[in-house]
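Structure, as structure tokens:
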Amino acid sequence: MAAIQVSSPNFTEGREGTAVDRIVIHYIVGTLAAADATFSDPNAGVSAHYGIGEGEIHQFVDEANTAWHAGDWNFNLRSIGIEHSADPSRAPTQDTYNKSIDLCATICRTYGLDPQSQIVPHSFVVSTDCPGTVDIQAIRDGVSAIL
């Protein structure tokens with residue numbers, strides 16, 4: 001599962017000594033190309049570590065650095081943000097779910113995370129409709145099944 005590097009200027013180097021203890025699940029409200037365009041724009045002021053959709057995984061920010069995705073600085077420091085190609089009327093495809101499950105399993109192994117409690121929806125962090133049509137429990141259960 002190789003991620004395609006699509007660098008974002010919107011991140012903070014390092015994590016201020018904070019350990020990663022969460023994965024935050026988002027939806028793009030569009031396609032992966034929309035995330036590429038937004039996260040590549042230095043004026044956007046937002047990013048995520050990964051985006052998944054249309055058969056690809058893109059990495060925007062290195063996991064060692066802080067992406068600007070959760071709407072809460074302390075949560076940004078402690079989490080890895082993953083965007084999913086979907087919108088209010090379109091759920092992610094099964095391929096997007098499969099890639100997300102594989103990526104989340106790798107991250108859970110790397111950081112010793114429990115998928116049932118440490119993979120959280122963006123709405124857990126701040127008041128938002130995000131991740132909308134993304135089925136968080138399906139991701140949690142898929143990761144649990146392969147760990």
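The values are calculated or read from the model by the stated rules, or taken from the named source; none is laboratory data. Everything numeric here is computed off the predicted structure, so don't read it as measured data. For neighbour counting, all protein chains shown are included, and Cβ atoms are generated from backbone atoms with ideal geometry for every residue, glycine included. Surface areas here come from the heavy atoms of the whole protein model, side chains and all, with no ligands, DNA or RNA. Shrake-Rupley method; radii C 1.70, N 1.55, O 1.52, S 1.80 Å.
Between Asp72 and Ser7, the simple label model (points 7 Å from Cα in the Cβ direction) yields a spacing of 3.2 nm. Proximity of backbone amide H atoms, modeled 1.01 Å from N, is registered between Ile23 and Ile80, Ile119, Val120 at under 5 Å, excluding neighbours fewer than 5 places apart on the same chain. Extension gain for Arg90-Thr18 works out to 22.4 nm (0.36 nm per residue, less the C-alpha to C-alpha distance). What net charge do the residues around Leu32 carry, taking every other residue with its C-beta under 10 Å from that of Leu32, with Lys and Arg at +1 and Asp and Glu at -1? Taking every Cβ under 10 Å from that of Leu32, the sum is -4.
Among Glu56, Glu83, Glu16, the largest mean-square fluctuation in a Gaussian network model of the chain, built with springs joining Cα atoms closer than 10 Å, belongs to Glu16. Only Cα sites of the range 38-118 enter the Debye sum here, all with the same form factor; the resulting log10 I(q)/I(0) across q = 0.18, 0.19, 0.22 1/Å is -0.83, -0.92, -1.18, listed in q order. Running Debye on the range 12-147 with equal point scatterers at the Cα sites and no solvent, what base-10 log of I(q)/I(0) appears at q = 0.13, 0.17, 0.21 Å⁻¹? For the range 12-147, the Cα-only Debye profile gives -0.47, -0.83, -1.33. Charge dipole of the chain (Cα centre as origin; +1 on each Lys and Arg Cβ, -1 on each Asp and Glu Cβ, all else neutral): 240 debye, rounded to the nearest 20. Given the chain, what percent of its DSSP beta bridges are antiparallel, to the nearest 5? If we restrict to bridges inside the chain, about 35 percent are antiparallel. Label-to-label distance for Asp41 and Ala145 is 3.8 nm, based on points extended 7 Å past Cα in the beta-carbon direction.
Of Glu13, Glu63, Glu54, the residue with the largest accessible area leads and the full order is Glu13, Glu54, Glu63 (1.4 Å probe).
Think of each Lys and Arg Cβ as +1 and each Asp and Glu Cβ as -1; about the Cα centre, that makes the dipole of the range 81-147 roughly 120 debye.
With only the Cα atoms considered, the range 1-91 has a convex hull volume of 94 Å³ per residue.
Treating r as the C-beta distance of Ala33 and Thr110 and R0 as 41 Å, the FRET efficiency rounds to 0.90.
Per residue, the average separation of C-alpha pairs within less than 8 Å and at least 6 apart gives the chain a relative contact order of 30 percent.
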